[in-house]
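First up is the structure itself, then whatever we jot down about it.
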Amino acid sequence: MHISEGVLSAPVLVTGALLAAGGIAVGLKKMDYEKIPEVAVLSSAFFVASLIHVPIGPSSVHLVLNGLLGVLLGWMAFPAILVALTLHAVLFQFGGLSSLGVNTVIMATPGVIAYYLFNLPIRKGNHLLSTLAGFGAGATGIALGAILVALSLISTGESFLGVAKLVLVAHLPVMVIEGIITGFCVIFLKKVKPEVLEVGK
């Protein structure tokens with residue numbers, strides 16, 4: 001879901017940077033010293049999961065785990081994802097520094113939405129409900145992220161309409177894979193370390 005450097009128009013880049021700054025400010029405000037280790041570990045998981053990617057025009061398809069980060073961290077997903085994306089841009093030239101704000105919004109916003117939709121069912125539900133909610137969080141994170149990529153490209157110019165459609169279609173199998181991975185992860189965490197599910201509160 002990284003959008004490459006030099007693709008988006010200046011208004012889209014500025015809007016993305018402002019929205020990312022707001023999300024990061026809220027995330028940092030909610031983060032205290034006890035939560036830093038969890039945020040760091042999940043940022044690392046996001047970093048590794050996103051390394052294997054398949055380029056599609058000005059974007060790419062890869063595992064994101066933003067739904068998992070969202071249900072575990074809430075708004076703190078913004079700074080966690082920002083750190084990982086910065087390292088991607090600097091070390092591997094995935095995305096870019098100018099598109100860092102937009103890429104952060106594309107991947108972190110769906111995570112925050114997944115938190116509000118699925119964190120409570122995951123924490124309070126039985127085994128089946130928690131698994132389904134975990135699947136929903138993973139799939140929602142990818143689906144909303146792909147939609148935001150498409151909107152960013154279309155907002156830059158109508159010439160990107162074909163690529164935007166391709167990005168949406170290409171992420172359909174990733175939605176299922178992320179949903180399954182997130183479902184297994186939340187059930188595992190609920191069994192062995194349920195307090196982790198309270199971090200984003």
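Kindly establish whether Ala25 is under 19 Å from Thr86 (Cβ atoms) and either of a type in the set (Val, Ile, Thr) or at pLDDT 85 or above (or both).
Yes, satisfied.
Of these, Gly183, Gly141, Gly96, which one is under 20 Å from Val64 (Cβ atoms) and under 15 Å from the mean Cα position of the chain (by Cα)?
Gly141
Which of the numbered conditions does Ile147 fail, given that it passes all the others? Conditions: (1) surrounded by fewer than 17 Cβ atoms within 10 Å (Cβ to Cβ); (2) in contact with a Leu (Cβ under 6 Å, 6 or more places away or on another chain).
That leaves (2) as the condition not met.
Conditions: (1) within 17 Å of Ala25 (Cα to Cα); (2) of a type in the set (Val, Ile, Thr); (3) surrounded by 20 or more Cβ atoms within 10 Å (Cβ to Cβ). Val83 meets all but one. Number of the miss?
Exception for Val83: condition (3).
Mind checking whether some residue in segment 16-37 is over 20 Å from Gly141 (Cβ atoms), among the acidic types (Asp, Glu) and in a helix (DSSP H, G or I)?
yes
Which of the residues belonging to segment 86-140 are touching a helix residue (DSSP H, G or I) at 6+ places or on another chain (Cβ under 7 Å) and among the basic types (Lys, Arg)?
Result: Arg123, single match.
Return yes or no: is Ala139 small (Gly, Ala, Ser), in contact with a Leu (Cβ under 9 Å, 6 or more places away or on another chain) and buried (at least 19 other Cβ atoms within 10 Å of the Cβ)?
When the stated conditions are applied, Ala139 does not pass them.
Which condition number in (1) polar (S, T, N, Q); (2) buried (at least 20 other Cβ atoms within 10 Å of the Cβ); (3) within 20 Å of Ser159 (Cα to Cα) is the one that Ser43 fails?
Exception for Ser43: condition (3).
Within segment 150-201, take every residue that is loosely packed, with under 13 Cβ neighbours inside 10 Å and of a type in the set (Val, Ile, Thr) and give me the one that is farthest from His127 (Cα to Cα).
Among residues in segment 150-201 that are loosely packed, with under 13 Cβ neighbours inside 10 Å and of a type in the set (Val, Ile, Thr), the one farthest from His127 (Cα to Cα) is Val169.
Can you name the residue in segment 18-40 that is surrounded by fewer than 17 Cβ atoms within 10 Å (Cβ to Cβ) and among the small types (Gly, Ala, Ser) and is also farthest from Thr156 (Cα to Cα) among such residues?
In this case the residue turns out to be Ala40.
The values are calculated or read from the model by the stated rules, or taken from the named source; none is laboratory data. Everything quoted here is computed from the prediction, not taken from an experiment. Here Cβ is always computed from backbone atoms with ideal geometry, including for glycine, and neighbour counts include all displayed protein chains.
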